[in-house]
Amino acid sequence: MDKYVINGGRKLYGTLEISGAKNAAVAIIPAVLMVNGRCRLENLPQISDTDKLLQILTLMGAKVDFISPGTVDVDCSDVYLSDKIFPLTRQIRASYYLIGSMLGRFGKARTTMPGGCNFGVRPIDQHVKGMKALGVSVNIARGLIDAEAGNGLRGAHIYLDKVSVGATINVMIAAVMAKGRTVIENVAREPHIVDLANFLNSMGADIRGAGTDVIKVRGVESLHGGTYSLIPDQIEAGTYMAAVAGAGGSVRINNVIPRHLECISAKLREMGVEVEEYGDAITVRREGPLERVNVKTQPYPGFPTDMQPQITTVLCMAQGTSIVTEGVWDNRYKYVNELRKMGAEIQVSGKTAIIEGGRRLTGAPVAACDLRAGAAMVVAGLCAEGTTVVEDVVFIERGYEDMVGKLRSLGADIIAVSEPDPRMEFASRPRLIG
Ligand code: EPZ
């Protein structure tokens, strides 16, 4: 089991580079399945979720060549459906994007229900609604998803009942290869949706309106290969901005799109943090006290839900009482119990957390409950007095490339420790038989 050991209380100084956007990568890699030719993907984050998706494509007959760190060639000229992908598809949330791309490529799809972070119910009814509108029959049973476009994918006018990143992406992918025109209303507007649309259009698709609340797709016969460079990860950037806000110091963060960070920057400025924007970089500086604020997470361009654990953690250090309201997920406060082990005073009621600030957190052994909660534990450890041990960092490494290296380059005292898993030791003990 891997863990991070952090000695907190040190301010952060220096420069770091942001990697490619995880949530763009986990949509673009499944979409590559529809491309009949070689795709070169650049600025791909080196994280376990992208590794798993590349393995899945390989198991379906794709040729994957690692050209250099962050650059991969994927050739899906000769791909096929295979049940061998199931052990991997049930581990990650984004595997359900394969439904859209399998339908686009083969006219049918066979995969498992997705995995992913556990913060409440994560239904896929809007994905199913969109696929059915495109002429697809969908059967979900025993944890498997079987879908088929009996008479081929055909364009439709779809109104999503809920703003959903996943449903927007999945339906947009399938619509690329549908006959005729598709209009999808009430869609999500996240930067990674725009990035996916730009990727698909660069391979010959015809998508308009990504980034607004209506996406229009004119179906095409096929997609050709090409080269595409992913956008930087605004949540990774936001996480390091929160770390500087909490620990103090002055850091320049390179390879960002400041517009994607506007809501995070605005909230940090409200808290008394200095944020300066440059073309593809920002600087974050905090020397004085942190002010309390209220935060409500919303779909983009609102304050991102994937920054909720990180900002809640930093607000423990702010002067006064802050209120955080989770506007997207039903139950995204499991990590608060871990923060309480470090001395945080937080009351959670439903989707609202009330944070009593002005505290100095103290180091403690804590666990990463999920990807962003794990990142928040690292932020807490950087701010705390004493030593924090974050367990189950496998969750963090799903979505953050080289977090330990990047933080150490800023002067943080953090190391990654691999220890044998005691459960495996116990299981491997010889048994007295008979
Ligand atoms: C994506 O999840 C992200 N994951 C999540 O980030 C992120 O928190 C979320 O979007 C919101 O921005 C990936 O991109 C891989 P949704 P997704 O569909 O697509 C409800 C991270 O930290 N809903 O936008 O699963 C749903 O229950 C991860 O990187 C339905 O009701 O989120 C939720 O309340 C964690 N029916 C809301 O919509 C559906 O069919 C938003 O979910 C689909 C969703």
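The values are calculated or read from the model by the stated rules, or taken from the named source; none is laboratory data. Everything numeric in this text was worked out from a predicted model, so none of it was measured. Methodologically, a virtual Cβ is constructed for each residue, glycine included, from the backbone with ideal geometry; neighbour enumeration extends over all protein chains shown. Heavy atoms of the whole protein, side chains included, go into the accessibility calculation; ligands, DNA and RNA do not. Shrake-Rupley method; radii C 1.70, N 1.55, O 1.52, S 1.80 Å.
Observations
- Additional length obtainable on full extension of the chain from Gln347 to Asn254, 0.36 nm per residue less Cα span: 29.9 nm
- Bins of 20 Å from zero: percent of alpha-carbon pairs in the chain: 26, 54, 19, 0
- Across segment 185-308, Cα-Cα distances exceeding 22 Å account for 44% of all pairs.
- The dipole here belongs to the chain: it is taken about the Cα centre, uses +1 on the Cβ of Lys and Arg and -1 on the Cβ of Asp and Glu, and is about 900 debye.
- Extending 7 Å from the Cα toward the beta-carbon at both Gln319 and Asp125 defines two label points whose distance is 4.7 nm.
- Loop-located chymotrypsin sites (Phe, Trp or Tyr not before Pro) in segment 194-295 whose Cβ has at most 16 other Cβ within 10 Å (DSSP): Tyr278
- Within the chain, the selection of entire DSSP H helices by a Cα span of 27 Å or greater along the long axis and an average Kyte-Doolittle value of at least -1.0 returns an empty list.
- Taking all protein chains as they are arranged and a probe of 1.4 Å, the heavy atoms of Thr182 leave approximately 0 Å² accessible to solvent.
- Cα gyration tensor, segment 113-170 - rounded (a/c under 1.5), prolate or oblate: oblate
- In terms of its Cα atoms, segment 218-280 spans 53, 21, 19 Å along the principal axes, sorted from long to short.
- Of the residues Glu190, Glu262, ranked by 1.4 Å probe accessible area with the largest first, the sequence reads Glu262, Glu190.
- If only the Cβ of Lys and Arg carry +1 and only the Cβ of Asp and Glu carry -1, the dipole of segment 255-353 around its Cα centre is close to 360 debye.
- Extreme residue, positive dipole direction of the chain, given options Asn198, Ala245, Ile92 (C-beta unit charges): Ile92
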